[in-house]
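For reference, the structure discussed in these notes is given below.
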Amino acid sequence: RRGESGVNDMTALRAAAPPLFLLVTLSAIQPIALNIIAPSTPAMAREFSTDYATVQLTLTIFLFAVALSQLVTGPLSDRSGRRPVILFSLGAFVAGCLAAAVAPTIEALIAARVVQAIGSGAAFALARAIIRDTSAREEAASRIGYMMVAMLVAPMLSPALGSLIDGLAGWHAIFFVMAALGAAAFAIVWRLLPETNLMRDPDASVAKLASAFPLLLRSRAFLAYTLSTCATSAQFFAFVAGAPHVVVESMGRGPQVYALWFMVVSLGYAAGNFASGRYAGRIGTERMILIGGVTTLVGSAMQLLGALADPWTPALLFIPALVMAFGNGATIPSATASALSVRPDLAGAASGLIGALQLGSSAIIAYLTGHIVPSSPRGLVVIMFIASVIGVLALALQRPRPTPV
């Protein structure tokens, strides 16, 4: 509910929007926590005398817990406000880190990772809701674009950081470092983040909170924007799941070849997000989504044609992927901001639902790609082309553009 001063309160709140570095910090915690332990999983398997597949559950269950947590914390923030939910979530994250650092068994470590995931997933989802609380639609797309650049850097650097910490002090120290990061984020939020949700409903029942999801899913505009983000994310995760096998096993190149080319693709994604941050406010989110979707489709078609060549080389796979990554980066911030703008009073629930659907669809596509590519390497580019077509066709679901609030 808005305060008595209504629009004036909203104007004042947007003028006092939290600094972007705070939102970047909240968003980066989840990808850092997910990826920083990757180099240490073999050491964990040895210490707990278990197999590698069991240790991998610390990563896969983490992802599922992130997805599910967003479905709960998003609506809760619509009821109680963003600030208290984020503070509670960061507290849970710190507790999960400390529990993981001293976990006596692999089962205890996995349970601690679930607590970590709940805290970090909420921080990520609500950072986007805060942007929508304090920004008009086009401005929100711009700020999300800049935020996503940092989201790309975090998973790129965190494995190297984890490896360094492990080498100096062992894998247990990684969790103590993450606990310190969470505590620092808690202090920053406590000091700098005001309550941004002026439409919260503290009297809302559990049934009313749950009703937010059907309301959103009945909106053609919300479905269009969300399907666009899901298709774009699924395309990227399909590439991550299938490209290493294609490069190493099918093309006969070394892992370092894949690593070097993937850095190029990452730069394309960063450039797309930067372009969204720079220009979404000038040309509008609808046009930015269309530009991103068409760019992705063109890159995917180039990749499909390249797969017909003999020999099929990394350049024919990765150069079109660079074009696609730019399109992905341009699409996601504007599509996310547009989806959150369909029902600003349900921005928390919308952010949580978008995040859960993105992770869920990406996990499914990555799983299917991992099973298809070993027997049919060129199936990777077919999957990615289908995803790019779905992303563009999703725009046809839209009703007339909702009025920004």
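The values are calculated or read from the model by the stated rules, or taken from the named source; none is laboratory data. Fair warning: this is a prediction, and the values are worked out from it, not measured in the lab. Cβ: placed from backbone, ideal geometry, glycine included. Neighbour counts: every protein chain shown. All accessible areas refer to the heavy atoms of the entire protein, side chains included, with ligands and DNA or RNA removed. Shrake-Rupley method; radii C 1.70, N 1.55, O 1.52, S 1.80 Å.
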Margin query: Just to be sure I understand, how many residues within segment 339-383 are acidic (Asp, Glu) and open to solvent by less than 40 Å² (accessible area, probe 1.4 Å)?
Written below: 0
Notebook entry, point to check: Looking at this structure, is Ser233 touching a Gly at 6+ places or on another chain (Cβ under 7 Å), in a helix (DSSP H, G or I) and not charged (D, E, K, R)?
Noted result: no
Note to self: Suppose we filter segment 45-64 for residues that are in a helix (DSSP H, G or I) and surrounded by fewer than 20 Cβ atoms within 10 Å (Cβ to Cβ); how many remain?
What the structure shows: 12
Check: Looking at (1) open to solvent by 60 Å² or more (accessible area, probe 1.4 Å); (2) modelled with pLDDT under 85; (3) touching a Leu at 6+ places or on another chain (Cβ under 6 Å), which is the one condition that is false for Arg220?
Finding: (2)
Item checked: Subset tally (residues that are in a helix (DSSP H, G or I) and either aliphatic (A, V, I, L, M) or more than 17 Å from Ala339 (Cα to Cα) (or both)) for segment 105-149 -> 31
Checklist line | One residue from Ala67, Ala100 being in contact with a helix residue (DSSP H, G or I) (Cβ under 7 Å, 6 or more places away or on another chain) and either open to solvent by 30 Å² or more (accessible area, probe 1.4 Å) or at pLDDT below 85 (or both) | finding: Ala67
Checklist line | Pair list, Cβ under 8 Å, 6 or more apart: segment 343-361 residue in contact (Cβ under 8 Å) with a residue 60 or more places away in the chain, other residue open to solvent by less than 30 Å² (accessible area, probe 1.4 Å) and not in a helix (DSSP H, G or I) | finding: Arg343/Ser219; Ala347/Asn197; Gly348/Asn197
